[in-house]
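Each remark here refers to the structure printed beneath this line.
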Amino acid sequence: MSWGTELWDQFDNLEKHTQWGIDVLEKYIKFVKERTEIELSYAKQLRNLSKKYQPKKNSKEEEEYRYTSTRAFLATLNEMNDYAGQHEVISENMTSLITGELTRYVQELKQERKSHFHDGRKAQQHIETCWKQLEASKRRFERDCKEADRAQQYFEKMDADINVTKADVEKARQQAQLRHQMAEDSKAEYSSTLQKFNSEQHDHYYTHIPNIFQKIQEMEERRIVRIGESMKTFAEVDRQVIPIIGKCLDEITKAAESIDHKNDSQLVIEAFKSGFEPPGDVDFEDFTQPMKRTVSESSLSNSRGDGKSEPKFGGKSKGKLWPFIKKNKLMSLLTSPHQPPPPPPASASPSAVPNGPQSPKQQKEPLSHRFNEFMTSKPKIHCFRSLKRGGAGPEDFSNLPPEQRRKKLQQKVDELNKDIQKEMDQRDALTKMKDVYIKNPQMGDAASVDHRLAELGQNIEKLRLEVQKFEGWLAEVEGRLPARTEQARRQSGLYEAQNTSAVNSCAQDRESSPDGSYTEEQSQETEMKVPATDFDDEFDDEEPLPTIGTCKALYTFEGQNEGTISVAEGEMLYVIEEDKGDGWTRIRRNEDEEGYVPTSYVEVYLDKNAKDVYKSLQKISE
């Protein structure tokens, strides 16, 4: 089967067919190119998707990835990134192995096809030229034969005519002979041309054209083979990445199987466990006995100093409030002195009796009295506002529940140990450098590193002291060391910071005088710690109470109780909360100082508009 013998007369059709073959090849190249673009686009979208859901550095999201389910999701994102990389590999391989190679091949194929059909056209033109020569020789022979016949007929006519002279007859005879000779020459030339044409034609159709068509056939077959190989490569490129994609999918499956719901539940316990015990039963209040009622809406009043958590409060964590206590009411309870105010001094010189005569002690009441003590031990609200302005929590994390405090202390110890190791590594490196300088003075001055070594030594010593301090607090939390007394806390210099979040235990009943002085039992009670991480966040959203008026101090008042504020006679202050019937008015001196004073000690000037707004806000909050 050969195009040269079977398609010897289909030169034009072969030319069209081979051009169509090249068009098909170019169409396939375009198809593969668009496929590579799709793969790149898909890979890019997968990478963007994976990046979009990656946890941000130094954000709260990173803490969420300690759970097995979120770690599995993170592993899925990483595997999807690798999955996208395989699609990029597909695109690169198709571009280099198919698109690039076929593009170069198409250019070569076009040149080869052009050369073959140029040779075919040249052979065709040659045979057409030979045919034209044969036709011209044939026409000349035919014309000479006709001329010879006419010359012969004219000679015979002249020879038969008796009136024609002999000379005319001879002339006609010579002319006839000449024409016959010319015809013979034309015949010989025509015969020679015909033989030559037949030979050229035979060579053309049996040698030249078959060879040219054979080359074209081979060219077309190579094109067909090449496009088939490219299609195989197309599939092979995909097949090569299937094992890696399979591994990615296997890793995703493995990550999904690694999810442990029990472990995640335990992590939730470790993250939020306070270490406190649940509140005890609410004591029965006998209303048949004359007594001063205090708030008892919550079992919080039964908190014990050895493990009761103080309620968190703030706009963000409403679910964390103790049962049955509204937020605004709790805030009021936490900051008011919870005892009757002293009466105003009888004399005009209040300095003689700073806090006025003391009211008789109240009868000891199991529930309400302990709730008073718990509230009295609360820090002043302006201390929390100082935290809002940027102050950090206590250094020993005493504001946190025991379990959370232990974790924070352990984390701090680990961080300090890492810092110590870094400093020691720097010191060792500088020591080696100094030794090199001593042995080779031309390399540097050994004394130039002494100052830095001294600094590193001081830093290491400071860090070790810090480690010892935090390890001591950690040992205290873990029970390896006895709890420090309040006196020791005062001597440590950290009492003021810790006092903003510490509360005294209500496990034991204690006596208190109306002016806020406590019996000796107070110093023997253990301290309660208030979780401050959420506490600070919640107060970040609290706005200071608006000013509803002004007041003038009629007498000097020495505020010695927690939640009260000292005022001097004649001093002008701002009123931020009216007397609610308990005999106390809440005032503010400046942004940092506010508290309660006896209502009878001040003369209040309320701003009516501000008062109306304040009451409206109170109703809305209730």
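The values are calculated or read from the model by the stated rules, or taken from the named source; none is laboratory data. Quick caveat: nothing in here was measured; it's all calculated off a predicted structure. Virtual Cβ from ideal backbone geometry, glycine too; neighbours counted across all protein chains shown. Keep in mind that these areas ignore ligands, DNA and RNA; they rest on the heavy atoms of the full protein, side chains included. Shrake-Rupley method; radii C 1.70, N 1.55, O 1.52, S 1.80 Å.
Could you tell me whether any residue of the range 438-448 is touching a helix residue (DSSP H, G or I) at 6+ places or on another chain (Cβ under 6 Å), at pLDDT 85 or above, farther than 30 Å from Glu562 by Cα and assigned to a helix (DSSP H, G or I)?
Yes: the range 438-448 contains one or more residues that are touching a helix residue (DSSP H, G or I) at 6+ places or on another chain (Cβ under 6 Å), at pLDDT 85 or above, farther than 30 Å from Glu562 by Cα and assigned to a helix (DSSP H, G or I).
State whether one or more residues within the range 13-23 are surrounded by fewer than 16 Cβ atoms within 10 Å (Cβ to Cβ) and among the hydroxyl-bearing types (Ser, Thr, Tyr).
no
Against the condition more than 24 Å from His17 (Cα to Cα) and part of a helix (DSSP H, G or I), how does Gln214 come out, does it pass? Talk me through it step by step, then tell me what you get.
Working: more than 24 Å from His17 (Cα to Cα): no; part of a helix (DSSP H, G or I): yes.
Judged against the criteria, Gln214 is not a match.
Select from the range 113-141 the residues that are surrounded by fewer than 17 Cβ atoms within 10 Å (Cβ to Cβ) and within 18 Å of Asn13 (Cα to Cα) and list them in ascending order.
Lys114, Ser115, His118, Asp119, Arg121, Lys122, Gln124, Gln125
Would you check if there is a residue in the range 74-84 being modelled with pLDDT of 90 or more, open to solvent by 60 Å² or more (accessible area, probe 1.4 Å) and over 30 Å from Trp8 (Cα atoms)?
yes
Tell me the residue from Val106, Val164 that is surrounded by 13 or more Cβ atoms within 10 Å (Cβ to Cβ), in contact (Cβ under 8 Å) with a residue 60 or more places away in the chain and among the aliphatic types (A, V, I, L, M), please.
On the way: Val164 fails: in contact (Cβ under 8 Å) with a residue 60 or more places away in the chain.
Testing whether each residue is surrounded by 13 or more Cβ atoms within 10 Å (Cβ to Cβ), in contact (Cβ under 8 Å) with a residue 60 or more places away in the chain and among the aliphatic types (A, V, I, L, M) leaves just Val106.
Only one of these conditions is not met by Glu101: (1) open to solvent by 60 Å² or more (accessible area, probe 1.4 Å); (2) free of Cβ contacts under 8 Å to residues at least 24 places away in the same chain; (3) of a type outside the set (Ser, Thr, Tyr). Which number is it?
Just one mismatch for Glu101, condition (2).
Can you spot a residue in the range 220-240 that is open to solvent by 50 Å² or more (accessible area, probe 1.4 Å), of a type outside the set (A, V, I, L, M), part of a helix (DSSP H, G or I) and more than 30 Å from Thr18 (Cα to Cα)?
Within the range 220-240, the first condition is being open to solvent by 50 Å² or more (accessible area, probe 1.4 Å), and the residues that meet it are 221-222, 224-226, 229, 231-232, 236, 239-240.
Cutting the leftovers down to of a type outside the set (A, V, I, L, M) gives us 221-222, 226, 229, 232, 236, 239-240.
Keeping just the survivors that are part of a helix (DSSP H, G or I) gives 221-222, 226, 229, 232, 236, 239-240.
Still in the list and also more than 30 Å from Thr18 (Cα to Cα): 239-240.
Checking the range 220-240: at least one residue is open to solvent by 50 Å² or more (accessible area, probe 1.4 Å), of a type outside the set (A, V, I, L, M), part of a helix (DSSP H, G or I) and more than 30 Å from Thr18 (Cα to Cα).
So which of Thr103, Thr70, Thr99, Thr18 ends up being under 30 Å from Lys262 (Cα atoms) and either in a helix (DSSP H, G or I) or touching a Phe, Trp or Tyr at 6+ places or on another chain (Cβ under 8 Å) (or both)?
Values: Thr103 fails: under 30 Å from Lys262 (Cα atoms); Thr99 fails: under 30 Å from Lys262 (Cα atoms); Thr18 fails: under 30 Å from Lys262 (Cα atoms).
Answer to the check: Thr70.
Among the residues of the range 32-44, is there at least one that is within 23 Å of Ser258 (Cα to Cα) and surrounded by 16 or more Cβ atoms within 10 Å (Cβ to Cβ)?
Here is the first cut: in the range 32-44, the ones within 23 Å of Ser258 (Cα to Cα) are none.
Within the range 32-44, none of the residues are within 23 Å of Ser258 (Cα to Cα) and surrounded by 16 or more Cβ atoms within 10 Å (Cβ to Cβ).
Does Gly549 meet the test of being at pLDDT 85 or above, open to solvent by less than 60 Å² (accessible area, probe 1.4 Å) and not hydrophobic (A, V, I, L, M, F, W, C)?
yes
Which is on the phi < 0 side of the Ramachandran plot, in a helix (DSSP H, G or I) and open to solvent by less than 90 Å² (accessible area, probe 1.4 Å), of Asp144, Asp159? Step through it out loud before you land on a result.
Details: Asp159 fails: open to solvent by less than 90 Å² (accessible area, probe 1.4 Å).
The match here is Asp144.
Suppose the filter is within 30 Å of Gly4 (Cβ to Cβ) and open to solvent by 50 Å² or more (accessible area, probe 1.4 Å); does His180 pass it? Lay out the reasoning, then the answer.
Working: within 30 Å of Gly4 (Cβ to Cβ): no; open to solvent by 50 Å² or more (accessible area, probe 1.4 Å): yes.
When the stated conditions are applied, His180 does not pass them.
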